[in-house]
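The structure appears below as structure tokens.
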Amino acid sequence: MQEIMQYLKASGERFDSEIATGTGISLANVKARLVELSAKGEIIMCHSIQFKDGKRIEGMRCRLAGYIPPAAPGRKSKGAPKAS
């Protein structure tokens with residue numbers, strides 16, 4: 001399960017099939033481990049349907065629970081000027 005947690009921390013939100021490919025664990029094992037991690041509250045999972053080239057792809061999207069990735073480098077917006 002540690003491999004999955006490290007992969008999600010490094011990659012962000014991913015489909016279960018992407019996690020299986022990235023970690024080298026079979027899809028069936030990944031799904032079983034994701035269910036365990038979700039039950040413990042360590043990850044957030046949601047059912048997702050995606051269309052690529054007209055083909056329907058169903059899977060589970062997963063991300064770490066409570067993890068906020070660092071801000072992207074570069075200039076930040078200062079916001080709109082206040083009207084006086």
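The values are calculated or read from the model by the stated rules, or taken from the named source; none is laboratory data. Since this is a predicted model, take the numbers as computed values, not measurements. Using ideal geometry, Cβ is built from the backbone for each residue, glycine included, and neighbour counts are taken over all protein chains shown.
If the condition is being within 13 Å of the chain's Cα centre (by Cα) and either modelled with pLDDT under 90 or loosely packed, with under 12 Cβ neighbours inside 10 Å (or both), then the range 43-57 contributes Cys46, His47. Screening the range 14-42 for residues that are in contact (Cβ under 8 Å) with a residue 40 or more places away in the chain and either more than 11 Å from Cys62 (Cβ to Cβ) or not aromatic (Phe, Trp, Tyr) (or both) and picking the one that is surrounded by the fewest Cβ atoms within 10 Å (Cβ to Cβ) gives Ser17.
Scan the range 31-75 for residues that are β-branched (Val, Ile, Thr) and over 18 Å from Gly12 (Cβ atoms) and report the count. Explain how you work it out, then say what you get.
Within the range 31-75, the first condition is being β-branched (Val, Ile, Thr), and the residues that meet it are 35, 43-44, 49, 57, 68.
Remaining after also requiring over 18 Å from Gly12 (Cβ atoms): 35, 49, 57.
Number satisfying all stated conditions: 3.
Once the range 58-74 is narrowed to residues that are more than 17 Å from Glu3 (Cα to Cα) and touching a residue at least 24 places away in the same chain (Cβ under 8 Å), the residue that is surrounded by the most Cβ atoms within 10 Å (Cβ to Cβ) is Met60.
For the range 31-49, which residues satisfy the criterion of being small (Gly, Ala, Ser) and closer than 10 Å to Asp16 by Cβ? Break it down stepwise before answering.
The first filter runs over the range 31-49 and keeps only residues small (Gly, Ala, Ser), leaving 32, 38-39, 41, 48.
Result: Ser48, single match.
Counting only helices (runs of 4 or more DSSP H) wholly contained in the chain, the ones carrying 3 or more residues that are polar (S, T, N, Q) occupy 2-11, 16-23.
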